[in-house]
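Here's the structure we're looking at; comments come further down.
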Amino acid sequence: MQYEELVKLIDKLDQSSLAYFEFTNDNERLLLAKEVPQVAAPAPVVVTDVTESAALTAPASLAAPAPVAVPEVVEAPAAPAPAPAAAGKEVPAPMVGVVYLQANPDADPYVQVGDSVKKGQVLCLIEAMKLMNEIVAPQDGVVSAILVENENIVEYGQALFRIS
């Protein structure tokens with residue numbers, strides 16, 4: 001990809017309502033992201049072109065509205081009461097990116113379930129546009145759940161950890 005093309009893509013993303021844009025083709029991968037205030041954490045919508053093995057992923061909030069889907073979710077059978085393990089405060093992802101639960105592949109994870117953490121302690125890293133961003137504990141407590149897997153892409157607002 002040429003520099004001029006990349007600059008045009010960045011400009012178009014900046015002017016659009018997209019939160020991020022990802023393009024994968026053979027040995028190239030491009031992920032552009034920006035922080036966009038959102039009301040709720042969207043589920044990803046993936047459109048795949050099977051002839052070129054290229055994928056474009058965008059937040060569901062940008063997909064065409066589907067008023068029929070809302071009643072289906074509301075009318076779904078009630079879920080059982082949450083188990084005591086679900087107690088605690090969730091730590092959301094502040095951006096779109098790739099989550100790393102350890103500093104490098106040979107290192108121990110930053111935290112594990114059952115670990116005590118202090119406010120400001122590093123829980124993981126999120127790589128966004130080749131920048132590593134530390135995600136820290138918002139409060140003192142115990143890690144009761146790790147809700148993501150290492151090296152997966154996370155959405156803005158997606159729960160990463162639960163601290164009780």
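The values are calculated or read from the model by the stated rules, or taken from the named source; none is laboratory data. Source: prediction; values computed, not measured. Note that we place each Cβ from the backbone using ideal geometry, even for glycine, and neighbour counts take in every protein chain shown. Ligands, DNA and RNA are excluded from the accessible area calculation, which covers all protein heavy atoms including side chains. Shrake-Rupley method; radii C 1.70, N 1.55, O 1.52, S 1.80 Å.
Of all residues in region 91-114, count the ones that are free of Cβ contacts under 8 Å to residues at least 24 places away in the same chain and either open to solvent by 70 Å² or more (accessible area, probe 1.4 Å) or farther than 14 Å from Glu151 by Cβ (or both).
5
Mind listing just one residue for me: the one in region 116-133 that is among the charged types (D, E, K, R) and modelled with pLDDT of 90 or more and, of those, nearest to Asn104 (Cα to Cα)? Before the answer, list the steps.
Initially, region 116-133 is screened for residues among the charged types (D, E, K, R), giving 118-119, 127, 130.
Narrowing further to those that are modelled with pLDDT of 90 or more: 118-119, 127.
On the way: Lys118: 22, Lys119: 23, Glu127: 13 Å.
Selected residue: Glu127.
So which residues in region 115-131 are without any contact (Cβ under 8 Å) to a residue 24 or more places away in the chain and under 13 Å from Gln102 (Cβ atoms), if there are any at all?
Within region 115-131, the subset without any contact (Cβ under 8 Å) to a residue 24 or more places away in the chain is 118-122, 130-131.
Once the filter is applied, which keeps residues that are without any contact (Cβ under 8 Å) to a residue 24 or more places away in the chain and under 13 Å from Gln102 (Cβ atoms), region 115-131 yields only Val122.
Determine if region 9-22 includes at least one residue that is in contact with a Phe, Trp or Tyr (Cβ under 9 Å, 6 or more places away or on another chain), β-branched (Val, Ile, Thr) and at pLDDT 75 or above.
no
Any chance you could count how many residues in region 28-45 are exposed (fewer than 10 other Cβ atoms within 10 Å of the Cβ) and modelled with pLDDT under 75?
The total comes to 3.
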